[in-house]
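Nothing in this text is a laboratory measurement; each read-out follows from the coordinates by a stated rule. Computed from a prediction, not measured in an experiment: that's the story for all the values here. Neighbour counts are summed over all protein chains in view; Cβ atoms, including those assigned to glycine, are modelled from backbone coordinates with ideal geometry.
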Amino acid sequence: MQKSEREHAIAKAAFALMSQHGVVPTPANYELFYTYAAAENPAVARQIDERIAQGEAFTPEFLEQLHKSINTTARTRDAMEAIEQSISTTLNATMHSLESAGRDALAYGRTLSEVSGELGDERSPDDLRKLMNELTGATRAMEQRTKQLEAELQQSSDEVADLKSKLDDVRRESLTDPLTGISNRKRFDDDLANAIASSSMTGEPFALFMCDIDHFKSFNDTWGHQTGDQVLRLIATCLSENVKGRDTAARYGGEEFCVILRQTTLDHALNLAEQIRTNVQSKKLVKKSTGDILGTITISIGVAQFAPGETAETLIKRADACLYAAKHSGRNRVLGEMELRPDTNIIAAA
């Protein structure tokens, strides 16, 4: 079996297994069952086989933990390639169907020509009946082939649409932070590069702000990582709810987040950052498992505006320097680049 055929077979097997065991076909689950069907990860295969043998359901918690055990980046790439190959295979099958239909049409045309030529000669009634029967049979066969072709084309169209949808889901997940649901670092890097290119061409301003949760490490140590994850999701929600569709809110890493604000000046970015800071501070934190009141959480934000000709690295460093200064001047505040002292060192926020 050729590589493309094998990948197509693995992709089909993965979808069949998910359907058989009632697994929601999310990109992460597809990636997991693709790994299982490909028999490339014994640890994953063993856990899935044990689950099936014991008759236990594939719960979201079990699938999430198992998914973390595989190389996400590599498997996502392979999953995307497999879906793309499945699309190519489906389109090739469609082309073969069209070519076959074309040959059938030519054969039907030759039959019509032959019958037409024979009708021009003097024929007995029996001969005419035979010719008409031959013509009727050829016409019916052509009608059946046409209906079959229509069904095959519709099936191919549905398969391609479904595969493209799955491909979009996998691509979207590869650019999404799994914990918070907002953009990840890769998406941020891509969008920042696009924002710089666009601003360099049009002259439209854009701003960047970096934000960090104050005292997050001590909060995590006190209340646990699950509650800490709840706080990270809260910050992500506050950011995404306050930006526009053209903007990008992303998790930069750990407890640090960033926002790209298209067509936005420094003053407007500072106003939005202050609005978000106030919004976060107003939230009352409650531990879901116990109902305990945890108080409030605060964030510090550094804001910089893109300067024509600079690189993504220098813009990030300036915004990060503002964040560092905000944290070391009391935390829970917004600081723009115009407030930086000339002697401020550009180092990572603490």
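Go through K244/K327; K283/K317; K217/K287; K217/K327; K217/K283; K186/K317 and tell me which ones have a Cα-Cα distance over 21 Å in this structure.
Violating the 21 Å limit, Cα to Cα: K244/K327; K283/K317.
For S165 and L234, FRET efficiency with R0 = 41 Å and r from the beta-carbon atoms, rounded to 0.05?
That pair, L234 with S165, gives E of 0.85.
Rounded to the nearest 0.05, what FRET efficiency do D221 and K186 give with R0 = 41 Å and r taken as the Cβ-Cβ distance? Could you check?
Plugging the Cβ-Cβ distance into 1/(1 + (r/R0)^6) gives 0.90.
Can you work out the FRET efficiency for the pair K244 and N279, with r the C-beta to C-beta distance and R0 = 22 Å, to the nearest 0.05?
0.90
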